[in-house]
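First the structure, in the form of structure tokens, and then the observations on it.
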Amino acid sequence: MTFIYLILPLILLFMSGIRIIRPTQRGLIERLGKYHAFANPGFHWIIPVIDKLYMVNVTEQMVDAEPQEIITNDNLNARVDAQVYFKVKSDEDSVKGSIYNVNNYKLQIVNLARTTLRNIIGTLTLKSANSERGKINAELYKTLHLETQSWGIEIVRTELKEIDPPKDVQETMNKVVKAENEKIAAIDSATAAETVADGIKRAKIKEAEGFKQSKILHAEGEAEAIKLVNEAADKYFVGNAQLLRKLETVEVSLGKNAKIVIPAGTELVNIIGEMAGIIPLDRKQKDN
């Protein structure tokens, strides 16, 4: 029974000194206030009361620099916010640096980021700050990277969340953007209308050209017909083109049942007579 009373405190003492470190953590063991050992992931036992274990998260973490009002170079109050992604390096020296070289590295990163943003954006106008976010991120990252090297910290990246101008300036900017959009829409509408008008114009030109071409072809056809008639007249009625014209006039008149008086003794009487099978009297007497 006495043995149980002796062993039980020892078991409780042993159990109270057990420490388990996860793969995402690293530990520093201090003994009587002095650094004693580095603790990797796994099982560890420390002497209660005498030893103390400090565990450090070595995964990637994020801190918000918190929104702040920054006066830009053109004397406007811009509301600026940013995020910083970092992690404590997992080697012994870096873990020791995050504990012994800086007091509360998360708070220090936030304060350093806020100060750096004020220094950077204070030299820029609001317009250039909005258009040069990449440059601001790069400068913020560079400053944090240099300042935190002795802390055992690795700055992974920085992100500028927002640069909001004052409300009245924002309203003015919105009106400008709206006016620009309306201007672009009006130009597009005018261009479309011009395109339609140009299409109609081209169609009318094509139509006029087609009508002109048809007239030309029709005139050429009539000219060709007249040419053929003239050639036939020259061939079959050599020297009698005028007589042929008269004959055509008589033909048209007869077709309309019109009465025509033809002077006696004219060539036209002889031609009509021959066409009708009638031999003129003078010619008949000569033949006899």
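Tabulated results
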| quantity | calculated |
| --- | --- |
| Verdict on VAL58 being in contact with a helix residue (DSSP H, G or I) (Cβ under 8 Å, 6 or more places away or on another chain), surrounded by 14 or more Cβ atoms within 10 Å (Cβ to Cβ) and either farther than 26 Å from ILE136 by Cα or outside the structural domain of GLY152 (by TED's automatic domain parsing) (or both) | yes |
| When residues of the range 15-38 are limited to those that are at pLDDT below 90 and in contact with a Pro (Cβ under 9 Å, 6 or more places away or on another chain), the one surrounded by the most Cβ atoms within 10 Å (Cβ to Cβ) | GLY17 |
| Residue that is within 60 Å of the chain's Cα centre (by Cα) and either farther than 30 Å from LYS87 by Cβ or not aliphatic (A, V, I, L, M) (or both), where the choices are HIS44, HIS36 | HIS44 |
| Candidates LEU13, LEU53, filtered to the one that is over 30 Å from GLU162 (Cβ atoms), part of a helix (DSSP H, G or I) and without any contact (Cβ under 8 Å) to a residue 40 or more places away in the chain | LEU13 |
| The lone exception for LEU12 - which of (1) touching a strand residue (DSSP E or B) at 6+ places or on another chain (Cβ under 8 Å); (2) farther than 30 Å from GLY122 by Cα it fails | (1) |
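The values are calculated or read from the model by the stated rules, or taken from the named source; none is laboratory data. Only a predicted model underlies this, so the values are computations on that prediction, with no experimental measurement involved. Please note: Cβ atoms are built from the backbone with ideal geometry, for glycine as well, and neighbour counts cover all protein chains shown.
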